[in-house]
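Engineer: One structure, as structure tokens, below. Some questions next.
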Amino acid sequence: MAELTQPSMVFNDVTSVSQVDTESGADPRICLVGSLADEVETLEAAKKFNVPIVTSETGLEYVSDLSYCTYFILADFESDEFEELNKAGARLLGKPALLKYSETGVLMYTRRPVFCHVMKDIIIVFTGFRKKTEVSRLLKLVHYMGGSVKNEIKDNVTHLLAYASTGEKYQYAVTFNIPVMGEDWVHAAWAHRDEAEARADTETMAKYKLKVFQNLRIVLEGFPDEEKIQMEDLVQNNGGILTTLDDQQATHVVLEDQTVTEKPADCPPRAHVVKAEWFWTSIQMEACPDEKLHLFEETNISNIMSPRQMFSSPNTPGSRSRRRKRLRETVQHLAQDDSPSTLPSAPPASKRRSSVGDLAFLSADGSLLDDTVSTPNRLAGRCYTELDGGDQTPLSPPLVDLRQLSARQRVFHELVKTECNYVSILDAVEKVIKLPLENTSQPGGPMLDAQELRYIFGNVPPIHEVHTRMRNDLLHLAHNWTDDASIGEIILKYSTDLEKAYPPFINFFENMKEMLQKISMERPRFHAFLKIAQNKPECGRQSLQELMIRPVQRLPSMSLLINDILKHTEKTTPDHAALEQALDKIKSVMTFINDDKRKTEAKFKLFEIHNDIEMCPPNLVASHRMYMSKVDVTELSDCCSGRGDTLTLFLFNDVLEICKKKSKYNSIKSPSRANLHNFKTIKTYKHLEMMNLAHIKRIVDIRETEDCHNVFALVIRSNQELKERLFTFTLIQDDTTKSNFLKTLCRTVANIACRNDVENFLVSMDPHLLDIETSDVSLTNALSKALRFATRTGRKVSRAFSFNKSPSKLKRAVSTVMSPFGTLPQQSSMRGATSVNNLADLSLSGTPPTGGFAQPMATPTSRRRPLKHV
């Protein structure tokens, strides 16, 4: 084929082979193979090099011509022509590479075929691939696109091509922010090979980064069902494979370290056993962190709070007074405000009387009720803050003996404690969540933009600031208390700031909560960040939504405490008027928390409950109150209604309403006397007590035994009470399990107390430590059966002696009534009914007692008297 142009340029090659050819005097030449000879664009690009141009169908006839250094231009590297020319060692370029070189007029070539420049200047390291055929294919594609491959990862490496999200090279790349790509990235880049301006390192190609759990075989253990389902979806959406402990090829075993205390015995030998923090950190970083930083460590939680360590053995023989003393000590321990792990252990019984050092833990009456003594260790760890005047005030309330305080000072002490807890929660929101989210240099880029951050957290700083200053003043007053101290002046001092700070937050709270839920669902990184923050001690395992609701709950809590202080303040003192004004100011701010800020269903439920309870306190219906849960229980103690009674507990966000279930047949008048126009609907429940959740000091989960099931207890002590009360219940099985109810109750009690350590409100104990005997439970079950049996009996007797029947019908009904406990002899049906004086005389098995139904009716009087009993 004729030459189109003559060579008129100096050619510089970049390889030793080309340099040899150039030095030998061979001139460069371009050969357009196949259909490229007819393409005007390719022909015009070839002319820009001012070298001879030839065309050929296969190009094979020019391979052996050594008089020229021929460059073969092909339209496809997957054709037969390419394979033949490549075997012959020809210099091969693709059409996109020729077009790119034509921009500078310099024709360059390496020792490998180059089709395009999609990966030009990209240096790649492979890791994790085991199939040689797949590696060979990927390697060729990288070279065809102008990239290069290295064996070791170094500073000049631009990308890591990984098979799975694990390994030393993977961790190196994650540490030094080297992009880790999946094999799909290479195939996607090759799909753009015909585009002259295509690049593999653009932002549009970032979607081919290696998925977080790519090709990892993950086992999830110990997580709640709802959370596990969410984690399983994240694993599958991020390239992972869900498996079980039976899979010997499993790579990771993720354990919920808050509930799982021991490593499973059947863990796969090569699997990394890590904590849940590793999982959520991976989602947040969009890369798996080093497993060594999140390895699961076994802990023995029995050593954290062991009743056997706290008290002497309950099996030790002793008098009943000793058992009562042990029970009193147990309840006093549970009523402490400290974490169970910090409660002092009681000394052995033999040394209890002679130990003088143990008295340091006791109050004036020998109680372990409160932090009454300042031990050296606790004083050493106390923190101080500097006030405006230069004084230093501790960040915690003073350690005092409540028994030595007046009622007014005790309630004030409670106000100071809750204010300190509340400010610590706002500190956690600020330092643990808000500030890290504002950091623009976080791995993977910002999770929220400036507008979203302002929408979620913008109204919190004013509340945080005013309560921090109020806390400091309250603490200063608590540490320098005098009888004429004015609490109301402090509240009034900040009342204007409270009115300005709270309305913006409360008015947009529902919108903020909806936005927070939406972002958390749509952005896995943000959701993982919140899960990591939730597990930090500062947040107390509470979610951001649970922490952000505290400002809504704080003002109602403050109003209750200020009202209690007002009740114990003399009207003649100046502080009484100040407290009244402060209470009015707080209530004026609380008016912003109205019905449109709550769910309509919850409000309807509140009214429904109120209308279904006889003698229900009218203040149960309040604007800030929300219904949480309901359970049916049987009382084991004598604090509410009586042992064996069936009660219903309605849990609200600040109170616990205790009601007694009424019988359906109580107080039912005869239909002949009932006035249909004035007939009142019979209510299901009867009010017994409305308990403030702030008075619940501890919730006790009674461990399951052979005869003791679903039993729990509440340790109650109000601010005015000096003695604890113990409520014990058995949960009647329904849709709510004991664990779910206790969890909800603990979280609600922690909210009202403004505390983060939710888990410290709940302790597990054996039945005998609270003097709960299995006979009590058995007796309760027997009583429940007897009550149900007696109810059915009453229904039958009521129908038999219905007063709307005529005397003749009543006589026939009385003569034919049968005992509900068994079949009576035909001749003694009436006599048996008249001889029964007490239900306790009846056999619960259904067999009539011996001689109980065979007593003769001697006189008419004896026939009428039993009717009154019935």
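Engineer: Arrange the following residues from fewest to most other Cβ atoms within 10 Å of their Cβ: 159, 527.
Structural biologist: Fewest to most other Cβ atoms nearby, the residues stand as 527, 159.
Engineer: Mind putting together the pair-distance distribution for the stretch 217-299? All Cα pairs, 5 Å bins, whole percent per bin, short to long.
Structural biologist: 3, 16, 28, 29, 19, 5, 0
Engineer: Just to be sure I understand the model, the point goes 7 Å from the Cα along the line to the Cβ. What's the resulting residue 207 to residue 577 distance in nm?
Structural biologist: 7.2
Engineer: Once the Cβ-Cβ distance between residue 722 and residue 259 is put in as r, and R0 is 41 Å, what FRET efficiency do you end up with, to the nearest 0.05?
Structural biologist: With R0 = 41 Å, the Cβ-Cβ based efficiency is 0.65.
Engineer: Using Cβ contacts closer than 10 Å as the measure, can you line up 549, 702 from fewest to most?
Structural biologist: Placing the least packed residue first, the sequence is 549, 702.
Engineer: Could you tell me the calculated FRET efficiency between residue 130 and residue 266, based on Cβ-Cβ distance and R0 = 30 angstrom, to the nearest 0.05?
Structural biologist: It comes to 0.70.
Engineer: Would you report the distance distribution of C-alpha pairs in the stretch 148-267 as whole percents per 10 angstrom bin, up to the bin with the largest distance?
Structural biologist: 12, 33, 29, 18, 7, 1
Engineer: So, one more: I'd like the Karplus ³J(HN,Hα) series for the stretch 518-527: coefficients 6.51, -1.76, 1.60, θ = phi - 60°, whole numbers in Hz, and an x wherever there's a Gly or Pro.
Structural biologist: Going residue by residue, I get 5, 5, 5, 6, 8, 10, x, 4, 5, 4 Hz, with x marking Gly and Pro.
Engineer: For the stretch 539-552, just list the computed ³J(HN,Hα) in residue order, Karplus coefficients 6.51, -1.76 and 1.60, θ = phi - 60°, integers in Hz, with x standing in for Gly and Pro.
Structural biologist: Per-residue couplings from phi come out as 8, x, 6, 10, 6, 4, 5, 5, 6, 6, 7, 4, x, 5 Hz.
Engineer: What number does the stretch 83-187 give for Rg over Rh if you use C-alpha atoms and the Kirkwood radius?
Structural biologist: 1.02
Engineer: Roughly what percent of Cα-Cα pairs across the stretch 393-485 reach past 15 Å?
Structural biologist: 66
Engineer: Let me ask something else about it. Taking 0.36 nm per residue of separation and subtracting the Cα-Cα distance, what length does fully extending residue 682 through residue 545 add?
Structural biologist: 45.3 nm
Engineer: Moving on. Roughly speaking, what is the stretch gain from residue 150 to residue 604, that is 0.36 nm per residue apart minus the C-alpha to C-alpha distance, in nm to one decimal?
Structural biologist: Stretched out fully, the residue 150 to residue 604 stretch lengthens by 156.6 nm.
Engineer: Note the full-extension length gain between residue 588 and residue 244 as 0.36 nm times their separation in residues minus their Cα-Cα distance, in nm to one decimal.
Structural biologist: 118.1 nm
Engineer: Evaluate E = 1/(1 + (r/R0)^6) for residue 764 and residue 229, where r is the Cβ-Cβ distance and R0 equals 35 Å; express this FRET efficiency to the nearest 0.05.
Structural biologist: About 0.80, to the nearest 0.05.
Engineer: Another question, if that's okay. Could you give each residue of the stretch 241-249 its phi-based ³J(HN,Hα) in whole Hz, using Karplus coefficients 6.51, -1.76, 1.60 with θ = phi - 60°, and x for Gly or Pro?
Structural biologist: Using θ = phi - 60°, the values come out as 10, 7, 8, 10, 5, 6, 7, 6, 9 Hz.
Engineer: Let me ask something else. Can you tell me the alpha carbon radius of gyration of the stretch 511-594 divided by the globular rule-of-thumb value 2.2 N^0.38 Å?
Structural biologist: 1.60
Engineer: Hey, another quick one. Under a straight-distance cross-link criterion of Cα-Cα below 12 Å, which aspartates and glutamates are reachable from residue 536, leaving out those fewer than 8 residues away in the same chain?
Structural biologist: Here the aspartates and glutamates satisfying the reach criterion relative to residue 536 are 277, 757.
Engineer: Right, another one. Please report, to one decimal in angstroms, the Kirkwood hydrodynamic radius of the stretch 16-102 built from all distinct Cα-Cα pairs.
Structural biologist: 13.0
Engineer: Label residue 733 and residue 513 with points 7 Å out from Cα along Cα→Cβ: what is the distance between them in nm?
Structural biologist: 3.4
Engineer: Further question: Taking a virtual spin label 7 Å from the Cα of residue 137 along the C-beta vector, which residues in the stretch 191-216 bring their backbone nitrogen under 18 Å of it?
Structural biologist: Once the point is set 7 Å along Cα→Cβ of residue 137, 191-193, 215 turn out to lie under 18 Å by backbone N, inside the stretch 191-216.
Engineer: Moving on. Which of 169/207; 131/211; 686/743; 169/209; 150/209; 587/683 have a Cα-Cα distance over 24 Å?
Structural biologist: From the list (169/207; 131/211; 686/743; 169/209; 150/209; 587/683), the Cα-Cα distance tops 24 Å for 686/743; 587/683.
Engineer: Would you list 771, 246, 233 from fewest to most Cβ contacts within 10 Å?
Structural biologist: Fewest-to-most ranking of 771, 246, 233: 246, 233, 771.
Since every read-out is calculated from the coordinates, none of them should be taken as a lab result. Fair warning: this is a prediction, and the values are worked out from it, not measured in the lab. Positions of Cβ are generated from backbone atoms using ideal geometry, with glycine treated the same way; all protein chains shown enter the neighbour counts.
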